[in-house]
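J.: Next up is a structure, given as structure tokens.
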Amino acid sequence: MTPEEVAEWLRVSEITVKNKYRTWGLKAQKVGRLLRFRERDIIAYLDDNYR
């Protein structure tokens, strides 16, 4: 998933995702200069923090 897609899921801005994903404990993979996230990691983050 792109940072833009993650931002939609989390209802924050794309810039916030790029700046805060480490502090939130989200794992990102770099593809060249681009950040990518796994959908299962985002779902796990939401389950752990918002249930």
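The values are calculated or read from the model by the stated rules, or taken from the named source; none is laboratory data. A quick note: this is a predicted structure, and the numbers were derived from the prediction, not measured. Cβ coordinates were reconstructed from backbone atoms using ideal geometry, including for glycine residues, and neighbour counts include every protein chain displayed. Accessible surface areas use protein heavy atoms only, side chains included; no ligands, DNA or RNA. Shrake-Rupley method; radii C 1.70, N 1.55, O 1.52, S 1.80 Å.
J.: If I ask for residues that are part of a helix (DSSP H, G or I) and of a type in the set (A, V, I, L, M), which ones from the chain would you list? Walk me through how you get there before you give the answer.
T.: The initial filter retains those residues of the chain that are part of a helix (DSSP H, G or I), namely 3-10, 14-24, 39-49.
Correct list: V6, A7, L10, I15, V17, I42, I43, A44, L46.
J.: Here's something else I'd like to know. Scan the range 24-40 residue by residue and report those that are of a type outside the set (A, V, I, L, M, F, W, C), under 15 Å from A7 (Cβ atoms) and either open to solvent by 90 Å² or more (accessible area, probe 1.4 Å) or modelled with pLDDT under 95 (or both).
T.: Going residue by residue through the range 24-40, those that are of a type outside the set (A, V, I, L, M, F, W, C) are 25, 27, 29-30, 32-33, 36, 38-40.
Filter once more, keeping what is under 15 Å from A7 (Cβ atoms): 36, 39.
Selection gives E39 alone.
J.: Every residue in the range 1-23 that is open to solvent by less than 70 Å² (accessible area, probe 1.4 Å) and in contact with a Leu (Cβ under 9 Å, 6 or more places away or on another chain), please.
T.: T2, P3, V6, L10, T16, V17, Y21
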